[in-house]
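Below is one structure, written out as structure tokens; the observations come after it.
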Amino acid sequence: MKKITVNANTSYDILIEGGLLKQCGRLISETVKSAKCVIVTDDNVDKLYGDAAVKSLEDSGFTVSKFVVPHGEESKSHNQLISLYNFLCERDITRTDFLIALGGGVVGDLTGFCAATYLRGIDYVQIPTTLLAQVDSSVGGKTAVNIDRGKNLVGAFKQPALVITDTDTLSTLSEEIYAEGMGEVIKYGMIRSLPLFEKLSRGNSKEDLEEIIAECVSIKRSVVQNDEFDTGERMILNFGHTFAHAIERAAGYGSVPHGKAVAMGMYMITHAAEKQGKAKKGTSEQLKKCLEINSLPFEFKISHEDLYRLSVGDKKRTSDKIRVIICPEPGSCEIVPLDLREYRELIDLV
Ligand code: MG
């Protein structure tokens, strides 16, 4: 088993190995001192792993309730959040009890935000079951729900008490959802690790999953430890995301999955940066090959006008500058502040 410790304002472990879900009760009992918990999950994940999680927790002496939401982004809503708060009240969940997020990013974000706010904050444990959640959303403590005006606009920083990553759960993912997670995995290689990028460029990531996930999580850990509250370095995790958010909005939320939008966003900005001499010649071609071998798209048809309009309102913007993340070559990145005219010039090269 791999164990990675994150030292944020609270410190916690991320445990990575195939088969951990069935041991979650014992693993949690070593960290959390409480007898009562609520598992939050979605209907798909519940069918696959709900019973195993409940059994393991009950075997370790926990009193367990389960709150099941429909799968999909729609469940990351304030309506669902209010239902969850009410459910916790009905079950007499107190400050010393805890929540478990069993599922992908939607369940993790909803549960984390609920844990950050219910009774002014209770503990929660992440058991991520998608590749995207295992390498990204379950680590780092960003939680949020969507509101009508946009995604993730209401949230909190709330670190989990423990993250249990069972790599066996990835075997039940569709090729589609697996590939989506690879978008974020490749991002880690691009921003921080040439060896990881090279490994991913050879394809067959499934043979070395535990190691790859651990590498991604280690990168995220070091970035989060330096900048837990997202005021500086943490921004590099947003490589490809400024364009990705524009692509997701242009396509209509849900029609292009996040990881695929990130894949296209990374290529498009690298391609434009290369034309400006901000990235080494050939970098975008290397990235394109890596995306392709991992069944990911690299281009999205969008006018420069729309790309500008839909990306300029991004959360990463300060009043008159937009900070873009550029990788001069695989394995390294820079935060580049551009005024709006310079940003428009970059987009015209996409
Ligand atoms: Mg992302």
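The values are calculated or read from the model by the stated rules, or taken from the named source; none is laboratory data. All of these numbers come straight from a predicted model, not from anything done at the bench. Counting neighbours? That spans all protein chains shown, and the Cβs are built from the backbone with ideal geometry, glycine included. Only protein heavy atoms, including side chains, enter the accessible area calculation; ligands, DNA and RNA are left aside. Shrake-Rupley method; radii C 1.70, N 1.55, O 1.52, S 1.80 Å.
At 1.4 Å probe radius, can you tell me the per residue accessible area of the range 87-192 in Å²?
Normalised by residue count, the accessible surface of the range 87-192 is 32 Å².
Which shape class applies to the range 2-172: rounded if a/c is under 1.5, otherwise prolate when a/b exceeds b/c and oblate if not, where a ≥ b ≥ c are the square roots of the Cα gyration tensor eigenvalues?
rounded
As a test question: what accessible area, to the nearest 10 Å², does residue 342 have when a 1.4 Å probe is rolled over all protein chains in place?
For residue 342, solvent-accessible area is about 60 Å².
Could you check what % of the DSSP bridge pairs in the chain are antiparallel, to the nearest 5?
Details: 19 of 45 bridges.
Around 40 percent of the beta bridges assigned by DSSP in the chain are antiparallel ones.
Starting from the Kirkwood radius over alpha-carbon pairs of the chain, derive D by Stokes-Einstein at 20 °C in a medium of 1.002 mPa s and give it in µm² s⁻¹.
On the way: Rh = 20.5 Å.
This corresponds to a translational diffusion coefficient of 105 µm²/s.
Are there any trypsin sites (Lys or Arg not before Pro) in the range 1-75 that are in a DSSP loop and have at most 12 other Cβ atoms within 10 Å? List them by number.
Sites meeting the loop and neighbour criteria: 33.
Need one word for the range 245-331: rounded, prolate or oblate. Basis is the Cα gyration tensor (sqrt eigenvalues a ≥ b ≥ c); a/c below 1.5 gives rounded, then a/b vs b/c decides. All intermediate terms of the calculation are to be shown ahead of the outcome.
Working: a/c = 1.99, a/b = 1.15, b/c = 1.73.
Oblate.
Applying the Karplus parametrisation 6.51 cos²θ - 1.76 cosθ + 1.60 with θ = phi - 60° to the phi angles of the range 52-65, what ³J(HN,Hα) value in whole Hz is obtained for each residue in order, glycine and proline being reported as x?
Residue by residue, the range 52-65 yields 4, 5, 4, 4, 4, 5, 5, 4, 8, x, 7, 8, 10, 10 Hz.
Tell me, what is the 1.4 Å probe accessible area of residue 264, in Å² to the nearest 10?
That residue has around 10 Å² of solvent-accessible surface.
Please list, in order along the range 69-76, the HN-Hα scalar couplings obtained from phi with the Karplus expression 6.51 cos²θ - 1.76 cosθ + 1.60 (θ = phi - 60°), rounded to whole Hz, x for Gly and Pro.
Each residue of the range 69-76 in turn: 10, x, 5, x, 4, 3, 6, 8 Hz.
Sum up the charges of everything whose Cβ sits under 10 Å from the Cβ of residue 192, counting Lys and Arg as +1 and Asp and Glu as -1, but leave residue 192 out. Let's see the in-between values first.
Values: positive: 187, 220; negative: 215.
The answer is +1.
Please list the non-local residues whose amide H lies under 5 Å from the amide H of residue 152, H modeled 1.01 Å from N, same-chain partners needing a gap of 5 or more.
Placed amide hydrogens put 146, 147 under 5 Å from residue 152.
Can you send over the carbon and sulfur percentage of the accessible area for the chain, probe radius 1.4 Å, protein chains only?
Values: 7040 of 14600 Å².
Looking at the chain in its full context, I get 48 percent from C and S.
Over what distance in Å are the Cα centres of the range 201-279 and the range 100-146 separated?
19 Å
If you fit an axis through the alpha-carbon atoms of helix 241-251 and take the longest principal axis of the Cα set of the chain, what angle between them do you get, 0 to 90°, nearest 10?
80 degrees
How about the range 256-350: which trypsin sites (Lys or Arg not before Pro) there are in a DSSP loop, with at most 10 other Cβ atoms within 10 Å of their Cβ? Provide the component values of the computation, followed by the final result.
Details: sites: 260, 275, 278, 280, 281, 288, 289, 301, 309, 315, 316, 317, 321, 323, 341, 344; in loops: 278, 280, 281, 301, 315, 316.
Sparse-neighbourhood loop trypsin sites (Lys or Arg not before Pro): 281, 301.
Please find, in a Gaussian network model of the chain (springs between Cα atoms separated by less than 10 Å), the residue of 313, 252, 183 whose mean-square fluctuation is greatest.
Greatest mean-square fluctuation among the candidates belongs to 252.
Protein chains only, probe 1.4 Å: how do 48, 340, 131 rank by accessible area, largest first? Walk me through the numbers before you get to the answer.
Values: 48 100, 340 50, 131 0 Å².
Result of the area sort, largest leading: 48, 340, 131.
Grab the DSSP H runs of the chain that are 4 residues or longer, score each as -39,500 (n - 2.57), total them, divide by all residues and round the 222 nm result to the nearest 500 deg cm²/dmol.
On the way: 12 runs with 141 residues, N = 350.
Result for the chain: -12500 deg cm²/dmol, rounded to the nearest 500.
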